[in-house]
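Encoded as structure tokens, the structure appears first; notes follow it.
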Amino acid sequence: MRTEVVERRLSSLADLSRQGKRINGLFRLLACPTIWETAYEAIAPNKGSLTPGIDPKNTLDGISLARIEGLMARVMDGTYRFSPVRRVNIPKPNGKTRPLGLPTADDKLVQAAVKLVLEQIYEPVFSERSHGFRPGHSCHTALDHIQGTWHGVVWLVEVDVEGFFDNIDHDILLRLLEKRIDDARFLKLIKGMLKAGYMADWRWHATFSGTPQGGVISPLLANIYLHELDEFMETCRLRFDRGQTRKVNPDYSRLQSRANYYRRYRIPALRAQGDEPEVQKCLAKVEELLTAARSLPSKDLSDPGFRRLRYVRYADDFLIGVIGTKQEARDVMDEVKGYLAQNLGLRTSEQKSGIRKADDGASFLGYTVRTHTSGRVQRQTYRSRPVLKRDAARSIQHHAPIAKLAAFAEQHRLGNLYENRGTHRPELAYSSDAEIIVLYNSWMRGLAEYYKLGTCWKDELSRVYHIWWFSLVKTLACKHKCSIAHVCDKLLSVVDGDQGLWFEANERRRFVRVFKLKHIRTDRINRDSRVDQGRARPIHLTTTDWLDRLRASHCEACGPTDEPLEVHHARRLSDVAHLSLMARMRSARHRKRIVLCRPCHYALHTGTLQARLDHRRLEVEAG
């Protein structure tokens, strides 16, 4: 199938999906080699590209055009069989473990090709309140959505799903896929992924439910599964919301009316009579009335005619906001639990689920989300005249939990946050000063970049920064066997108000700064490339550089060759240090991938590549 035909077909999937039509002919798209080449390009830069599944030899290292064509042919003729995933348990912050499934490289490539097609169908119809594992969305976009639209929320409803990825019902998931896909062979391929099983302790186990965490396509399938919940919550919102605006608070209105009476009628009349002492008394009375009014909300916060339901989801973590009574919040929670159990076959945790008062806050994506009424009055300009404006009542705020910050300090062994004492890292004494500073900077910058959406994030992170800074200078003092004062006065320099260190790199001096919280930019949030809601991500099926190099019959180690070419995935750039400068630069630019002939690739893995190159050079010189 020609590339331009596949591109036109892919671009048409979004419109068909928005129209609610069932789409067929998807399996035939996998007959286009460029689909597979694009899928490889999507997964090759990942850190886990060399992580093996049950077959240690089945990784992306050594990928070639022949291997991709053979894989595509087996998928198209129906002879391809998915291998069981290798299950490993990774620790969770609470001390428990989470199962992680590691597929083979061939399975990753097939999953990436299927995902590429599925994204064109489902991304245009996914809810704008779904932010997990989607292009153009992140944890920050979910939190930013709350910050912009959740003001006035009274109750926060937390519903925790137990073991979501492990309890996805395969039959329900396939029925959901059949709503939009009318292609039996394409669905059979997805079913093969789900039913491949897993290996644990060298024993095969069947998979009757769940999608393996670690699979390329698992996040997308999870979003497809919970898209039903998004649509259900939208139905609940339309049924729950009522009223255009809240009624005016009668006490606030009464105080304002009395103040307006004095200003419009009483004071002008007294001034006409020339009774200035009485005018001053009335002015004081007006100020007293306005001060009392400012202490009250202008709207009736418990207006029974005004109700709102808010909802946001990131993967299986979702939060519901309710403007209403606690009983209404309880009814919403029960309705959601019933829908999850009856329609999606998911259980909820009674211990972690509950209704929280918005003023007390609830945990979501590592933040504490809560409302706050400051009552602060600020002078602003409205239509070229100064006015006083209060902060909104029950405005939403994000805060960094102290427990999360303490766990961060403990994880990186910076010190004890509660005791406000930083400790040194003696194992770093053998690293260079610049390496120590860069490492410490990466820790603190990562924390600050995530929590920079907080309302008072600098104040909250300043405690962590304090022990982080002391841990850094104590580590440097331990390395040089000197005092902290000597490190600050002699070792570190000050440039443009920032402390840092001069060091020699590539025959020139460079300056590495010690990170400060002021270096964080707060004018943007962390997201992938921005994608307009309701549009599919465009896919350009064009030849890539690595593909051109594979077809060029030119080994980057030994030059022109008739041998088959393969892509070598270097774990470290030092693995290709003996190659030419251009080859090393190209390898670094393409995430440590380099095209080699099969003999050179084998020699590189056995450590004899340099000897092979020397032997070939002697042969050329000998004529």
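The values are calculated or read from the model by the stated rules, or taken from the named source; none is laboratory data. Just so it is clear, the model here is predicted, and its values are computed rather than measured. As a convention, Cβ positions derive from the backbone with ideal geometry for all residues, glycine included, and neighbour counts pool all protein chains shown. Ligands, DNA and RNA are excluded from the accessible area calculation, which covers all protein heavy atoms including side chains. Shrake-Rupley method; radii C 1.70, N 1.55, O 1.52, S 1.80 Å.
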Cβ-Cβ cut-off under 9 Å around Arg313, Lys and Arg +1, Asp and Glu -1: the net charge is -2
How big is D for segment 267-414, in µm² s⁻¹ as a whole number, if Stokes-Einstein is applied with the Kirkwood radius of its Cα pairs at 10 °C and 1.306 mPa s?
78
Using only the alpha-carbon atoms, how far is helix 433-451 inclined from the longest principal axis of the chain? Give it as 0 to 90 degrees, nearest 10.
50
Could you give the C-alpha radius of gyration of segment 24-177 expressed as a fraction of 2.2 N^0.38 Å, taking N as the number of residues it contains?
1.28
If you take every residue apart from Lys285 with its C-beta less than 13 Å away from the C-beta of Lys285, what net charge results, scoring Lys and Arg +1 and Asp and Glu -1?
+1
Any lysines whose Cα falls less than 19 Å from that of Lys490, other than same-chain ones fewer than 8 residues away, would be Lys474, Lys479, Lys481
Spin-label pair Arg185/Glu435, simplified geometry with 7 Å Cα→Cβ offset, distance in nm
5.4
For the chain, which whole-number percentage of the solvent-accessible area (1.4 Å probe, protein heavy atoms only) is attributable to carbon and sulfur atoms?
50
What spacing in nm lies between the two simple spin-label points modelled at Ser483 and Ser374, each 7 Å away from Cα in the Cβ direction?
4.2
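What per residue convex hull volume, in Å³, do the alpha-carbon atoms of segment 1-96 yield?
Normalising the Cα hull of segment 1-96 by residue number yields 180 Å³.
Per the Cauchy relation, a quarter of the hull surface: what is the mean projected area of the convex hull of the alpha carbons in segment 401-450, in nm²?
Result: 3.7 nm².
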Answer with one residue from Cys482, Tyr418, Cys597: the one whose Cα lies farthest towards the positive end of the charge dipole of the chain, charges on Cβ with Lys, Arg +1 and Asp, Glu -1.
Tyr418
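Express in nm, to one decimal, how much length is gained between Glu449 and Asp614 on full extension, taking 0.36 nm for each residue of separation and deducting their alpha carbon distance. Mind dumping the intermediate values first?
On the way: separation 165, 0.36 × 165 = 59.40 nm, distance 4.89 nm.
Going from the current span to full extension adds 54.5 nm.
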Any idea how far apart Arg22 and Lys326 come out in nm if each label point goes 7 Å out from Cα toward Cβ?
4.9
Counting Lys and Arg as +1 and Asp and Glu as -1, what is the net charge of the other residues whose Cβ lies under 11 Å from the Cβ of Phe208?
-2
Extended-chain gain in nm, criterion 0.36 nm per residue less alpha-carbon gap, Gln244 and Ser64
58.6 nm
Quick one: how many Å² of Val387 are accessible to a 1.4 Å probe, rounded to 10?
40
Answer label, with Rg and Dmax of the Cα atoms in Å calculated from the coordinates and candidates (1) 31.3, 120; (2) 29.3, 114; (3) 25.5, 80
(1)
Full extension from Tyr261 to Ala341: what is 0.36 nm times the residue separation minus their Cα-Cα distance, to one decimal in nm?
22.9 nm
Label-reachable residues, segment 113-143, where backbone N falls under 16 Å from a point 7 Å from Ser11's Cα toward its Cβ:
120-121
For the ranges 611-619, 293-301, 106-114, what's the packing order if you count other beta-carbon atoms within 10 Å of each residue, average per peptide, and put the highest first?
106-114, 293-301, 611-619
Charge dipole of the chain built from unit charges on the beta carbon (Lys, Arg +1; Asp, Glu -1), centred at mean Cα; most positive-end Cα among Leu220, Met76, Ser471 is Ser471
Go through Glu158, Glu288, Glu234 and list them by solvent-accessible area, largest first, probe radius 1.4 Å.
Glu288, Glu234, Glu158
